[in-house]
Each structure stands twice: as C-alpha cells, then as structure tokens.
1. Please go through region 126-149 and pick out each residue that is touching a Lys or Arg at 6+ places or on another chain (Cβ under 9 Å) and without any contact (Cβ under 8 Å) to a residue 40 or more places away in the chain.
2. Residue pairs, Cβ under 9 Å, 6 or more apart or interchain, first in region 252-280 and surrounded by fewer than 14 Cβ atoms within 10 Å (Cβ to Cβ), second modelled with pLDDT of 90 or more. List them.
3. In region 115-153, how many are closer than 23 Å to Ala180 by Cα and of a type in the set (Lys, Arg)?
4. With more than 36 Å from the chain's Cα centre (by Cα) and at pLDDT 90 or above as the only criterion, which of Val239, Val233 stands out?
5. Could you check region 131-149 and list, in sequence order, the residues that are outside any loop (DSSP other than H, G, I, E, B) and surrounded by 14 or more Cβ atoms within 10 Å (Cβ to Cβ)?
Amino acid sequence: MKTIFTQGPSLLIQLILVLITCSSMMVLDYRYQYLNSVRSTFSTLASPVYYLANLPSEISVWADDNIVSRADLIDENQNLKDQLMILKAQNQRLVGLESDNAQLRKLLNSSRKLKGKRLIAEIINVNTNNYAQEIMVNKGSSDGLYVGQSAVDSDGVMGQVIEVTLFWSRIILINDPNHAIPVKNNRNGIRAIARGNGINLNVMHLPSTIDIKQGDLLLSSGLGEKFPDGYPVAKVVSVTKNSDQPYLEVIAEPTANINTADHVLLLWETATQELEATNER
C-alpha cells in the first residue's frame, strides 16, 4: 500500500542540519561580517513595528504632560488670582509706606527748625464729629507727655494734649468747637483769637474796619505760651462784612493736615524756654 506523503529526513537529521547552518552563519558573520547588510535590511523593515509597539507609551507620556483636567485648571486659575490679589495688596502697602516716609521726612525737617525737645507720635485713633475733633496718639506719660503740650505737623499747628495715660494721649485739634488759639496776621501783625467751628476756624471779634483779607496767613502769636511763636495756624478763606454787625465774619482753613496726617510732632515748652535762655547767654 502506497503512503500519501513521502517521508523526509528524520527530525534528528533536520535538527543537525539546522545547527550546522546556524553555526556556519554565526562564524561567517563574526569573522567576515557577511550578514551586516541583511541585518540592516531586517532592522529597517522592522522599524515600523518598533514604532507601533512604543506608541502607547509615548501617548501616555504626552497625555501626562499636556492633558490637564478642568478642575485642575480652575484650581490653578484661582491660585493665580489669589497670588495676584496678595501682590496688589503688598503693592498698595508699599505706596502707603512711601506716603508715611514722606510725612515723616517732612516732620523731621520741620523739627529741625524748632528749638527744644520734640517727639514724633503716631495717630492710633480719630474722633471727629460736629461736637468734637480729637485724635489719640501712641505716646503717654512714660514718654514724658503732659496736659497742655502742643502738637504740630510739618505744615502747621494741629492742637494740644488734653489727656495723658501711661502709653497713649488724647489731643484736641484746633478746629474743635471748644478750642481757641491766639494768632497774628503774618502780613500786618494784627492779633486775634481763632476758635474752631468743627471744620475750620472762626477768627473772633475783628472790627469791620480791620485790615484782613482772603489769603492772609495766620501764625501762632505765642501768647499763653502754649504754642511755638510764629508757627503756621490757618489761611483766611473768606471775609464777610455785614452792615448790621460790628465785627467781620472771618473763616480760616487750618494749614495742618488735620484730616490726613498719620503722625504728629509733640513739643516741650520748658525745653524750648531753657534752650532760648541758654542761647541768649
């Protein structure tokens, strides 16, 4: 009976032939590099396979680097807004510090023109209404302050101390309705009393024939020895003459920065007198 398939070499013989062939190719490739071109050709043909096999890993890396969830974007945007607000607030504080430094420099320049002991104090509270114009400063009896002590700024007289505690003091401003200050006209030396009206100053009891006009600068006269002589107090803003009244209605605006100052300069009257007496000797 004939078989359908002819029987080939045995498996052992096939294995031996394969091993001999492989060994020969390895020896030839090792010694003479005959198979370099073949290897290069197969590598070229297989490169798309390598690319496709590595593509999922590359996509994963790209996604991690570039794809961000909407929630992450919202969080990042909010963080940036918060940082921007903080930076703006810091910038505003720098502007405020520049303003404070400018005021302090003006006060220091002003204090060099005054004789005697003086001290810069910071305003820590303000009480202004129709019945009172007062401020509170962060200096008290521990710093040598006393009731009746005069307070000025770089542009004029601000008021005087009316209450002193160990660590803070209360100052009545010159535009307070209960405060009055002796003044003189810088242009002609005419003396008068300026009383606060809650906003500005009323120059009291000036006869209708007196020489005073809008724009005149009123200085402290030194009478009463509460305020330094010749220091700016107010500038006349209006002069009204009523035919049925014996006195002029004169309103003056304080030269001091009453509504905007952050610091005041406190003066010692006794020290001023002692220094003046020493200079006279």
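1. Asn127, Met136
2. Asn259/Val126
3. Here the count works out to 1.
4. Val239
5. Gln133, Glu134, Ile135, Met136, Val137, Ser141, Asp143 - these are the residues of region 131-149 that are outside any loop (DSSP other than H, G, I, E, B) and surrounded by 14 or more Cβ atoms within 10 Å (Cβ to Cβ).
The values are calculated or read from the model by the stated rules, or taken from the named source; none is laboratory data. All values derive from a computational prediction rather than experimental measurement. Positions of Cβ are generated from backbone atoms using ideal geometry, with glycine treated the same way; all protein chains shown enter the neighbour counts.
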